[in-house]
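Q: Below you'll find the structure I mean.
The values are calculated or read from the model by the stated rules, or taken from the named source; none is laboratory data. Every value quoted in this text rests on a predicted model; they were computed, and no experiment measured them. Virtual Cβ from ideal backbone geometry, glycine too; neighbours counted across all protein chains shown. Please note that ligands, DNA and RNA were not included when accessible areas were found on the heavy atoms of the full protein model with its side chains. Shrake-Rupley method; radii C 1.70, N 1.55, O 1.52, S 1.80 Å.
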Amino acid sequence: SRSCSPPASGSRRLAFWCDKLGLRYRKVFIKNQRTRWASCSKKGNLNFNWKLLWAPPEVLDYVIVHELCHLIEMNHSPRFWAQVALWCPDYKKHRKWLRVHGRDLGRGPKPSAAAALASARHALDVDGDLHLVAEQGPAAV
């Protein structure tokens, strides 16, 4: 059966899911998005909210799978959700977790740019280009 988590804690999360789904992204950005946890651009760039660094690993995996599925379907159609469910059957549980607990993620002092980038590299477990995009103001959930 499929699970929405890499099989080993040492697995590189983003690379793991890209390989599993047979997909490739262009660049990864860590942002202070006000209303989104993540997004995928038409150019194939993935954007993740820095607050996800405090989410449980299985929730982060769901968000990664969700965004990678946008490389297949750039919408939230039934075909899109079928793709998400194929790779993350318990996605509804993770979406609910974000709705219930999301506002508590990243509470307290905002990390420095260097600390956020290091944490993002660790959480996403990426070695390649990772871009931190500074935006003004606190992120609202």
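Q: For segment 16-43, which positions are under 14 Å from the mean Cα position of the chain (by Cα), in a loop (DSSP other than H, G, I, E, B), of a type outside the set (A, V, I, L, M, F, W, C) and within 18 Å of Leu71 (Cβ to Cβ)?
A: Hits for segment 16-43 are Tyr25, Lys27, Arg36, Ser41.
Q: Just to check your reading of the model, which residue among Leu53, Leu68, Leu86 is crowded, with 18+ Cβ neighbours inside 10 Å and modelled with pLDDT of 95 or more?
A: Step by step, each of Leu53, Leu68, Leu86 is checked, and only Leu68 is crowded, with 18+ Cβ neighbours inside 10 Å and modelled with pLDDT of 95 or more.
Q: Quickly run through segment 44-62 and pick out the residues that are within 16 Å of Arg103 (Cβ to Cβ) and not polar (S, T, N, Q).
A: Once the filter is applied, which keeps residues that are within 16 Å of Arg103 (Cβ to Cβ) and not polar (S, T, N, Q), segment 44-62 yields Trp50, Lys51, Leu52, Leu53, Trp54, Ala55, Pro56, Val59.
Q: Looking at segment 71-83 only, could you name the residues that are open to solvent by less than 40 Å² (accessible area, probe 1.4 Å) and assigned to a helix (DSSP H, G or I)?
A: Phe80
Q: Now, a different point. Within segment 89-114, which residues are assigned to a loop (DSSP other than H, G, I, E, B), modelled with pLDDT under 95, open to solvent by 30 Å² or more (accessible area, probe 1.4 Å) and at negative phi?
A: Selection gives Arg107, Pro109, Lys110, Pro111, Ser112.
Q: When segment 9-39 is examined, which residues are found to be open to solvent by 30 Å² or more (accessible area, probe 1.4 Å), within 27 Å of Asp104 (Cα to Cα) and either at pLDDT 90 or above or among the aliphatic types (A, V, I, L, M) (or both)?
A: The answer is Arg36, Trp37.
Q: Quick test of your reading of the structure: Ala134 fulfils all but one of (1) open to solvent by 80 Å² or more (accessible area, probe 1.4 Å); (2) modelled with pLDDT of 90 or more. Name the failing condition by number.
A: Unmet condition: (2).
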